[in-house]
Amino acid sequence: MRNGAVVPRALVLSHDEQYARLADSVPEALDAAIVAGDPCFDRMSVSEPRRREYRRALGADDDMTVVVVSSTWGPDSLLGRNPDLIAQLLAELPSDRHVVAAVLHPNAWFAHGPAQIRLWLGDCLRAGLRLVPPAEGWQQAVLAADVVVGDFGAVTGYAACAGRATLLASFPDDQIAERSAMGELGRTARRLDRVSAFLPQFDAARADAGQFSKVRELATSLPGSSAAALRKAFYELLALPEPPRAPLVPPYAAGALLPERMPVAAWWVAAQWRGDHEAEVTRWPADVDARDEQPPNTTDRHLVVEQAHPRRDLHGNAAIVMIEDLGEAGETFARRPTCGFVVTGKEVVHRDKGVVAEGLSDVDESVACASAIYAWLSAGRTWEALPGRAMLRIGSRQIEVTLSRPNLPPRPASEVRPPHPSRRPPA
């Protein structure tokens, strides 16, 4: 209202409930009000069949759990109240079975500046975070999600409407219209317990994700028909005849989901042997710190670091170092007295035994192999008892590897390619 007159010629509402609230608060505006549904809701609904494509864009396969963290802006937002939550999620969730993505409100991006956002989330990006840009892609990320951890922002509401398991990390009830879809979400969704383990809370939320039907009902009064209602209103305002063909409702393009991400270059790794021929390997990113009473702090683990990792404080405790070329093995051992193994994309080299596994397919496979041997020896077992072949499980991958046996002595690294000794002190 301005000077007693209604300013807009058309005031678009998504639900009859909003029309009723408008009638209570500004009845003079009812003649301009149009209940036209929610075009974003409708586009997300028709985009659901492309869910697998969106997951691929985030780097997740069918066996991984995608966790999307959504924060609106302001001091009561998820990041405003829980600035360490994204890092804690990344630190606690095994990285070979989980993908964590962040969706931040554009006001957060541009109030602080993109450079500041990337600085605050630098450790998280090095730990594998998928950071969704502010302009587009959040709808695809939500549809790719298995679990959404959010607040009172619209993205969290859309996640609940899409049937995703939704937990609230921040929700100021006194700021939310009680009869609205968000008000219903606040009454229905579980609150994230920042003290307890996250995985059991995710499982519980996934079990009752179907509870948000009332939220969905309050989101739009015209599900599937918003485009038609909006186009009709637009052409009436323009005093033009409406086209005869049906309006388009295109699904969101998978190619528009382009998250910022970096390869993980430091892990905490735990390898658990099940009998003598099978081992389970679990990795957590080491660039972020887990809570004291949660994994990986609660398990027997070792540190794996890439040779070029920028955090030098991690290098001194690394049991396994990832290198580019086998010729760097000798120098790496000379400089790093705590390092027992180095790995490339094809070989595993032990400090004393030389090359103990080769012909591997990638660095992940090499790390799994070295970690399994490390755990075997750390448990007091001998090289002589090490099985000739073993099945390693890392995430959804099953890898059968050949390990050196005492009657087939491993080749020293120097026989494969001469190392380059260094006289510099250990890092």
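Check every one of the helices (runs of 4 or more DSSP H) wholly within the stretch 108-220 and list those with 2 or more residues that are aliphatic (A, V, I, L, M) and either in contact with an Asp or Glu (Cβ under 7 Å, 6 or more places away or on another chain) or over 30 Å from L314 (Cα atoms) (or both). Don't jump to the end; show me each part of the working.
Values: elements: 114-120, 122-126, 138-144, 154-161, 181-188, 198-207, 213-219.
Result: 138-144, 154-161, 181-188, 198-207, 213-219.
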Would a scan of the stretch 385-400 turn up a residue that is under 24 Å from V288 (Cα atoms) and part of a loop (DSSP other than H, G, I, E, B)? yes
Based on what the data block shows, is R118 more than 28 Å from A266 (Cα to Cα), surrounded by fewer than 22 Cβ atoms within 10 Å (Cβ to Cβ) and basic (K, R)? no
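Within the stretch 265-287, does at least one residue satisfy the condition of being part of a strand (DSSP E or B), hydroxyl-bearing (S, T, Y) and at pLDDT 95 or above? Before the answer, list the steps.
Quick first cut of the stretch 265-287, residues part of a strand (DSSP E or B) only: 266-273, 278-285.
Okay, now just the ones that are also hydroxyl-bearing (S, T, Y), so 282.
Narrowing the set further to residues that are at pLDDT 95 or above leaves 282.
Yes: the stretch 265-287 contains one or more residues that are part of a strand (DSSP E or B), hydroxyl-bearing (S, T, Y) and at pLDDT 95 or above.
Among the listed residues A141, A154, A102, which satisfies the condition of being farther than 24 Å from D287 by Cα and among the hydrophobic types (A, V, I, L, M, F, W, C)? Working first, answer last.
Working: A141 fails: farther than 24 Å from D287 by Cα; A102 fails: farther than 24 Å from D287 by Cα.
From the options A141, A154, A102, the qualifying one is A154.
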Which is loosely packed, with under 15 Cβ neighbours inside 10 Å, more than 24 Å from the chain's Cα centre (by Cα) and not hydroxyl-bearing (S, T, Y), of P243, P200? P243
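Restricting attention to the stretch 352-401, which residues are of a type in the set (G, A, S) and touching a Cys at 6+ places or on another chain (Cβ under 9 Å)?
Of all residues in the stretch 352-401, those of a type in the set (G, A, S) come to 354, 357, 359, 361, 366, 368, 370-372, 375, 378-380, 385, 388, 390, 395-396.
Of everything in the stretch 352-401, those that are of a type in the set (G, A, S) and touching a Cys at 6+ places or on another chain (Cβ under 9 Å) turn out to be A357, A390.
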Are there any pairs with C-beta distances below 8 angstrom linking a residue in the stretch 373-388 that is surrounded by 13 or more Cβ atoms within 10 Å (Cβ to Cβ) to a residue that is in a helix (DSSP H, G or I), with the two at least 6 apart or on different chains, and if so which? W383/L377; L386/I373; L386/W376
If we scan the stretch 264-272, do we find a residue that is free of Cβ contacts under 8 Å to residues at least 12 places away in the same chain and among the β-branched types (V, I, T)? no
Taking the stretch 279-304, which residues are crowded, with 21+ Cβ neighbours inside 10 Å and among the acidic types (D, E)? D287
Log entry, pairs with first residue in the stretch 1-23 being surrounded by fewer than 17 Cβ atoms within 10 Å (Cβ to Cβ), second being acidic (D, E), beta carbons closer than 7 Å, six or more apart or on different chains, reads M1/E28; V6/E28
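Among the strands (runs of 3 or more DSSP E) contained in the stretch 298-362, which hold 3 or more residues that are in contact (Cβ under 8 Å) with a residue 40 or more places away in the chain? Steps first, answer last, please.
Numbers: elements: 302-306, 318-322, 341-343, 348-350, 354-357.
Of the strands (runs of 3 or more DSSP E) lying wholly inside the stretch 298-362, those with at least 3 residues that are in contact (Cβ under 8 Å) with a residue 40 or more places away in the chain span 302-306, 318-322, 354-357.
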Evaluate the stretch 94-104: report whether one residue or more is of a type in the set (D, E), surrounded by fewer than 22 Cβ atoms within 10 Å (Cβ to Cβ) and closer than 26 Å to R397 by Cβ. yes
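Answer yes if at least one residue in the stretch 72-95 is acidic (D, E), out of contact with any Phe, Trp or Tyr (no Cβ under 8 Å at 6 or more places or on another chain) and modelled with pLDDT of 95 or more, and no otherwise. Please lay out each step first, then the result.
First, pick out the residues of the stretch 72-95 that are acidic (D, E): 76, 84, 92.
Now narrow it down to the ones that are out of contact with any Phe, Trp or Tyr (no Cβ under 8 Å at 6 or more places or on another chain): 84.
Next, from what is left, pick out any that are modelled with pLDDT of 95 or more: 84.
The answer is yes; a qualifying residue exists.
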Quick check, is A368 in contact (Cβ under 8 Å) with a residue 40 or more places away in the chain, under 18 Å from A271 (Cα atoms) and not in a strand (DSSP E or B)? yes
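The values are calculated or read from the model by the stated rules, or taken from the named source; none is laboratory data. This one's a predicted model, so the numbers in the text were calculated from it and none came from an experiment. Ideal geometry is used to build each Cβ from the backbone, glycine not excepted, and the neighbour counts take in all protein chains shown.
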